[in-house]
């Protein structure tokens, strides 16, 4: 399974990357995001929402834990930042966020390891500098291996941005 590592230069480029991911998404996709505060998780999710055709601005659900958006597919944006115990995640009825024709993106997903689906696209984000973020896409499962290959193809064909793979 091919891992993709790249650097984005500014929030617009991080959103653009998410937009491509949203356009490639299909029902059942699960994106698990990890990274420190300010690493670009919500920015990436905003791009995913735009790529799914969501008309409203996706904001961080830190105080609400989850938000639901409607576009080409139903999109769940979850944030486990304020949850401290695995039981709190289980009590959310977490399986409901993965059933049907939905796409789910979970910030601070590492807090839910052990109860989240094993097949997923894990995305690690790191703050490099004020305008740079390092993203690592690790596919887990056949669907996500195909998705990362398609994503890399789309990025390589992007004539407006020269993507920095590392």
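Read the figures in this text as sums done on the coordinates, not as results from a lab. Only a predicted model underlies this, so the values are computations on that prediction, with no experimental measurement involved. With ideal geometry, Cβ positions are generated from the backbone for all residues, glycine too; neighbour counts draw on all protein chains shown.
For the range 19-94 and the range 115-142, what is the separation of their C-alpha centers, rounded to whole Å?
A separation of 13 Å, based on Cα centres.
Would you mind telling me the antiparallel percentage of the DSSP bridges in the chain, rounded to 5?
That works out to approximately 60 percent antiparallel.
For a footprinting-style exposure proxy, rank 9, 70 by other Cβ within 10 Å, fewest first.
Going from sparsest to densest Cβ surroundings: 70, 9.
Contact order normalised by length for the chain, with contacts defined as Cα pairs under 8 Å and 6 or more residues apart; what percent is it? Please report the intermediate quantities before stating the final value.
Details: 343 pairs, mean separation 56.6, N = 166.
So the answer I get is 34 percent.
Is it possible to state the helix-based mean residue ellipticity at 222 nm for the chain, with each DSSP H run of 4+ residues giving -39500 (n - 2.57), the sum divided by total residues, to the nearest 500 deg cm²/dmol? What is it? Display every interim value, and only then the final one.
Details: 4 runs with 46 residues, N = 166.
That comes out to -8500 deg cm²/dmol.
Would you mind telling me which residue in 115, 54, 103 has the biggest mean-square fluctuation in a Gaussian network model of the chain, where springs connect alpha carbons within a distance under 10 angstrom?
Maximum among the listed residues: 115.
Among 121, 92, 52, which one shows the biggest mean-square fluctuation in a GNM of the chain, springs joining Cα atoms closer than 10 Å?
92
Work out, step by step, the length gained on full extension between residue 150 and residue 2: first 0.36 nm times the residue separation, then minus their alpha carbon distance; give nm to one decimal.
Gain in length upon complete extension: 52.2 nm.
Have a look at 73, 83, 17 and tell me which one the Gaussian network model of the chain (Cα, springs below 10 Å) gives the largest fluctuation.
The residue that fluctuates most here is 83.
Compute the angle between helix 11-24 and the longest alpha-carbon principal axis of the chain, please, reported from 0 to 90 degrees and rounded to the nearest 10.
70 degrees
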